[in-house]
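Note sheet for the following structure.
Here, each number is a calculation from the coordinates, and none is a lab measurement. Just so it is clear, the structure is predicted and the values come from calculations on it, not from any experiment. Glycine also receives a Cβ, built like all others from the backbone with ideal geometry; neighbour counts cover every protein chain displayed.
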Amino acid sequence: MTVSRGGCSVLRSRVLLVATWGSPWRNPCREDPNSEENFSWHRVVYVYSDEEKGAVRRTESRTSLKLLYDVYRPDEVHIIVCDTVACARDGDRYSVLVKRIEERYRQFIEKELGGDLAKKCWVHVVPCFGAFSNGVFLSSPLDTYATVLYELYRAVKRAAENAGSVKLVVDLTHGINYMPAILYRAAERIARIASFGTSVELIVVNSDPYAPSRDTGVRELRINTVEHANILKSLDLHYAAKLRGSTNPVYRPSSAEYSKEVGRANREFRECSLGNLLNLYSAVYLGAPLAVHTYMLSEPEFENVRRCVDRYFEKFRSDENVVVERSDGGLRVWRKLSVDEQMIFALESLVLAESLRAAGVKSSREVELKTLEETAEKIAWSRSLHYVMKNEVSSIKMLICRYLVKKLTGVDDRKIVEKCVEVLKELSEWRTLRDIAKELGMSPGEFQYRNFIAHSGLEYNVTKVKLGLVLSYEEKMLKDIENCLKSLYGKPPKSSQG
């Protein structure tokens with residue numbers, strides 16, 4: 001969406017309001033759950049101090065969402081809810097069960113907040129776990145986190161494509177159990193990775209707790225700003241470090257009976273060719289700009305990976321994978337296969353690739369030194385990393401200058417043109433930095449992982465240069481480079497060095 005400013009069209013900021021909700025009903029399984037006497041959320045006056053406008057706003061409602069909507073005017077509202085509010089009468093197919101849950105929440109939203117707000121609301125039913133009066137739900141925190149991360153990725157990607165910046169407002173007021181922690185973790189991760197491609201502002205809010213009182217009047221609850229920051233880009237290897245060398249499984253089996261399903265899922269995963277995607281993440285983490293261009297996804301690869309990720313989450317939530325059993329004791333919901341750390345790492349890597357794409361980073365095996373400098377600026381997620389990359393690029397410039405000076409020093413003036421042509425012809429072909437360094441009396445030594453990492457991926461043994469200061473990696477060394485990058489998110493090969 002654009003706004004006109006001084007005769008120019010400017011992309012405005014897109015606002016996303018994301019909240020996690022528990023159950024607003026005493027009994028969600030009643031015939032009419034949205035009857036007044038069945039609400040467990042009390043009607044209160046929510047109060048918000050708008051510091052920018054110097055005003056205090058008040059709204060009476062059962063939920064903080066109404067006031068936050070008035071304050072931030074979001075383009076989209078996303079409500080994250082658990083599938084544990086399902087009812088036995090909802091059916092024995094998971095897709096139908098999810099649809100019934102969505103309908104109940106939508107009816108609540110329309111009744112309490114009105115149709116206009118409801119039109120902007122997305123209700124996401126995510127897998128949760130625990131034993132409740134309505135049944136037993138078997139899942140894992142990774143299943144919940146991965147699904148929330150996936151939905152946030154899609155929302156932020158959609159917003160970033162149509163805006164100059166993204167404002168992500170996270171409301172934890174109505175979250176229960178582990179859900180506030182999971183939503184906050186996912187929102188912060190998405191915000192930090194998306195910041196490589198667009199400006200992201202993160203606002204986290206939570207109201208005062210509601211406590212029963214003998215006072216019959218309507219209570220006032222302040223909405224507190226827990227965090228408000230322009231997010232700085234950053235990466236970590238939290239999930240990558242847990243892979244222990246496994247680079248194939250997308251799902252973790254919940255039962256040994258399903259080894260066939262696991263094997264099939266692994267085969268499908270290998271067909272997705274996510275190697276470049278994961279290596280790209282490692283390259284950015286290390287601050288290796290040439291490796292970033294080398295492993296950046298091409299457009300066909302982007303389409304393949306997006307399709308792959310969408311297909312896996314579709315399968316994970318399908319009736320084929322989620323089993324719903326009904327008995328006198330209520331529901332029993334369980335999954336044949338569950339998401340593991342590898343899928344989360346792949347998803348975070350896709351968010352990073354999309355962000356770099358938005359920043360103008362392109363896939364290329366041959367990169368001009370000037371472009372490397374620009375890319376180094378884009379991927380630097382710490383001052384120290386920026387300094388190291390800048391220093392390494394400068395050292396290559398100095399190496400080439402010293403080489404030219406050596407070649408032309410002492411040449412007779414009458415032969416200087418002839419010698420220049422000879423040197424230029426020599427540099428029109430690829431030459432490794434190792435060979436150039438040796439001619440200058442240096443001893444680069446053998447390729448080692450630690451040197452590749454320490455020198456921002458511009459290690460002399462693997463990097464070559466030609467006229468125009470275009471850099472590339474030696475084809476025969478690509479396997480060593482890939483093994484080095486994989487050592488960050490998996491078990492290093494036995495042949496790894498240094």
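Here are the numbers for this structure:
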| item | result |
| --- | --- |
| Within straight-line cross-link reach of K370, lysines at Cα separation under 18 Å, skipping those fewer than 8 residues along the same chain | K362, K378, K390, K397, K464, K466 |
| Rounded to 5, the percent of DSSP beta bridges in the chain classed as antiparallel | 55 |
| Extreme residue, positive dipole direction of the chain, given options I453, T198, L385 (C-beta unit charges) | I453 |
| Global form of the range 11-232, assessed from the alpha-carbon gyration tensor, a/c cut-off 1.5 | oblate |
| Of all DSSP beta bridges in the range 33-131, antiparallel share, percent nearest 5 | 55 |
| Extension gain, N230 back to H42 (0.36 nm per residue minus Cα-Cα distance, nm) | 64.3 nm |
| Label corresponding to percent of Cα pairs over 31 Å apart when calculated from the structure given, among (1) 54; (2) 47; (3) 64 | (1) |
| Overall form of the range 367-486 per C-alpha gyration tensor (a/c, 1.5; a/b vs b/c) | prolate |
| FRET efficiency estimate (nearest 0.05) - Cβ-Cβ, A211 to V56, R0 25 angstrom | 0.70 |
| Count, lysine Cα pairs under 18 Å in the range 11-232, 8 or more residues apart or across chains | 12 |
| Normalised contact order of the chain, rounded percent, pairs of Cα under 8 Å and 6 or more residues apart | 15 |
| Given the chain, longest segment not containing exposed loop trypsin sites (Lys or Arg not before Pro) (DSSP; at most 10 other Cβ within 10 Å) | 245-493 |
| 5 angstrom amide H check on R222, placed H, neighbours 5+ away | V47, D208 |
| The range 8-51 and the range 321-356: distance between their alpha carbon centers, rounded to Å | 25 |
